[in-house]
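Novice: The structure under discussion is supplied below as structure tokens; questions concerning it will follow.
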Amino acid sequence: MMMVKKSENKVQKDALSVECILACIYFVCLPFTVVTTPFGSLLKLITLPIAAVLTLRMLMGKSALALNYIHFTYVIYILYTVILLMVYHESITVVTTKDMALGLFMLLVISMRIYNGREKEWMESAWIIVGVTCIIIALSSNEVVSRSEQRAVIRVLGFEEDQNHFCAYFIMPLLISVKRFMEKRRFYPVYILIIILSFYAILKTGSRGGLIGVLAGLLVYILFGIKSIKARIAVVMASILVALAVVTVVVPNLPEDVRHRYSITAVKEDGGSGRFEIWSYLLDYTLRSPQRTIRGSGLFSTYEILQDGGFRNGVAHNAYIQIFNDKGIIGLLLFFIVLCVCFIRNVRRQPLYTCAFISLMAFSMSLTFYVFKPYLNIMMMCAMTFEETLPENHLKAVLRGEQDNV
């Protein structure tokens, strides 16, 4: 405990940069992704000036920079996507590619800088604000899909958000809440309340993929991300209490058909909301042609393909099958390399971010990731370099006998 307090005192003395403040603003705006204005997307209107300021400061030499393999592999992946415009140049392909390029640019200007411990704390606090914002949005959403389907309709400032996308906003807030509760930060019981209310918000949406995705990251973090056995036992006990609270208080307050959605019987009955048939059809369609297998059919070509196949859906509801259909085996291989690098880079230095990425991988079984903001923002966290993880600082910590706290 003394070690934790000592490190907290050091963090409080660290300087806070303009880059960190702008990154925090960018993260806090995540729940407003679907909000549009007469001038375009609200998030894009916020993103562009932030990108301009960060770029200007970078060119003026105001930031210490560090590139890594995540930056390199993601640049290659986006570059391949841009090259495909030579073959496929439908309007949806062009627009999506531009948005992916903007996402890459934001990833670079935010995550290339070296951040100190205090800045890391601020950014993690920004994610907590994201979680609290989403809880308020969920609690204030009284609209349901229909009389026969009582799943909550999530609206952000009047604009409807996809339930699965909404659940992904809770990945980082939940993991950081667990971490801060475990460290017994100031007002740490509040984090238990955030965890319980977050699960209520997720369950209220009726998103099975969302629930599985969030639980996957939390489970891995508890089992492997927490090094101290004593802390792990404490978190397991707290998790049991939270689970009891959810089962005895939260679940009974859900509509009956929403509770039924989470049963194994419901999954078998609807075939994962018809996704198994979509996956099978798209795989068969792509593999029938060597050309499609190698380079795909173009971004979001699934709309036309599925419509011709008699499906009402326009996307694969699976990141890997979507990429395989759109970009072929080359695009899928490049995407896998990006995922592997994001996972490997932080296994030891930032296990919480690796667990967040594992959650994303679970979400990827039901979502498309091209311009999916939680995917891009969590990748930013994975790509960031913090002073505490630099080789020279790591060596100093070892010499001080603080290796377990690095």
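The values are calculated or read from the model by the stated rules, or taken from the named source; none is laboratory data. Computed from a predicted structure; not experimentally measured. No Cβ is skipped: glycine too gets one built from the backbone with ideal geometry, and neighbour counts run over all protein chains shown. Note: areas computed on protein heavy atoms with side chains; ligands, DNA, RNA excluded. Shrake-Rupley method; radii C 1.70, N 1.55, O 1.52, S 1.80 Å.
Novice: Could you check how much of the accessible area of the chain is carbon and sulfur, as a whole percent, using a 1.4 Å probe?
Specialist: Details: 13020 of 19580 Å².
About 66 percent, which is the carbon plus sulfur part of the accessible surface.
Novice: Defining a contact as two alpha carbons under 8 Å apart and six or more residues distant in sequence, what relative contact order in percent does the chain show?
Specialist: Details: 517 pairs, mean separation 85.8, N = 406.
Here the relative contact order equals 21 percent.
Novice: Are there any helices in the chain, counted as whole DSSP H runs, that stretch 27 Å or more along their axis by Cα and score at least -1.0 on average by Kyte-Doolittle, and if so which?
Specialist: Span-like helices in the chain: 91-111, 117-139, 319-346.
Novice: Please give the net charge around Leu334, taking every other residue with its beta carbon less than 15 angstrom from that of Leu334, where Lys and Arg add +1 and Asp and Glu add -1. List each step's numbers first, then the result.
Specialist: Numbers: positive: Arg295, Lys327; negative: Asp326.
Net local charge, Leu334 excluded: +1.
Novice: Rounded, prolate or oblate, given the Cα gyration tensor of the range 145-264, with a/c below 1.5 counting as rounded?
Specialist: On the way: a/c = 2.13, a/b = 1.82, b/c = 1.17.
Prolate, since a/c reaches 1.5 and a/b exceeds b/c.
Novice: Can you put Glu160, Glu119 in order of accessible area, largest first, using a 1.4 Å probe?
Specialist: On the way: Glu160 105, Glu119 0 Å².
These residues rank, largest area first, as Glu160, Glu119.
Novice: Quick one: among Tyr115, Tyr74, Tyr281, which has the greatest mean-square fluctuation in a GNM of the chain with alpha-carbon springs under 10 angstrom?
Specialist: Tyr281
Novice: Would you kindly find the accessible area of Arg288, with a 1.4 Å probe and non-protein molecules such as ligands, DNA and RNA excluded, rounding to the nearest 10 Å²?
Specialist: Here the residue's solvent-accessible area equals roughly 140 Å².
Novice: Select one label from [x] 43; [y] 34; [z] 58: the one whose number is percent of Cα pairs over 33 Å apart as derived from the coordinates shown.
Specialist: [y]
Novice: Going by a ≥ b ≥ c, the root eigenvalues of the Cα gyration tensor, does the range 61-151 fall in the rounded group (a/c under 1.5), the prolate group (a/b larger than b/c) or the oblate group? Kindly include the intermediate steps, with their values, before the conclusion.
Specialist: Working: a/c = 3.69, a/b = 1.18, b/c = 3.13.
In terms of gyration-tensor shape, oblate.
Novice: With every protein chain left in place, what is the accessible area of Glu143 in Å² (1.4 Å probe, nearest 10)?
Specialist: Looks like 80 Å² after rounding.
Novice: Are any of the pairs Lys44/Lys204; Lys13/Lys373; Lys98/Lys179; Lys13/Lys179; Lys120/Lys227 more than 25 Å apart by Cα-Cα distance, and if so, which? Walk me through the intermediate numbers first.
Specialist: On the way: Lys44/Lys204 29 Å; Lys13/Lys373 32 Å; Lys98/Lys179 36 Å; Lys13/Lys179 22 Å; Lys120/Lys227 20 Å.
Pairs exceeding 25 Å: Lys44/Lys204; Lys13/Lys373; Lys98/Lys179.
Novice: Classify the range 70-208 from the C-alpha gyration tensor, please: rounded if a/c falls under 1.5, else prolate or oblate depending on whether a/b exceeds b/c. Each step should come with its number before you reach the end.
Specialist: Values: a/c = 3.05, a/b = 1.24, b/c = 2.45.
Because a/c hits 1.5 or more and a/b fails to exceed b/c, the range 70-208 counts as oblate.
Novice: Taking loop as defined by DSSP and a crowding limit of 10 other beta carbons within 10 Å, which chymotrypsin sites (Phe, Trp or Tyr not before Pro) in the range 30-71 fit?
Specialist: Values: sites: Phe32, Phe39, Tyr69; in loops: Phe39.
When the chymotrypsin sites (Phe, Trp or Tyr not before Pro) of the range 30-71 are filtered for loop state and at most 10 Cβ neighbours within 10 Å, Phe39 remain.
Novice: 222 nm [θ] for the chain, helices only, -39500 (n - 2.57) per DSSP H run of 4+, per residue, to 500? Intermediate results must be reported in sequence, preceding the final value.
Specialist: Numbers: 20 runs with 265 residues, N = 406.
Value at 222 nm, helices only: -21000 deg cm²/dmol.
Novice: Could you grab the relative contact order for the range 11-122? Cα pairs under 8 Å, six or more apart, rounded to a whole percent.
Specialist: Numbers: 70 pairs, mean separation 51.1, N = 112.
The normalised contact order for the range 11-122 reaches 46 percent.
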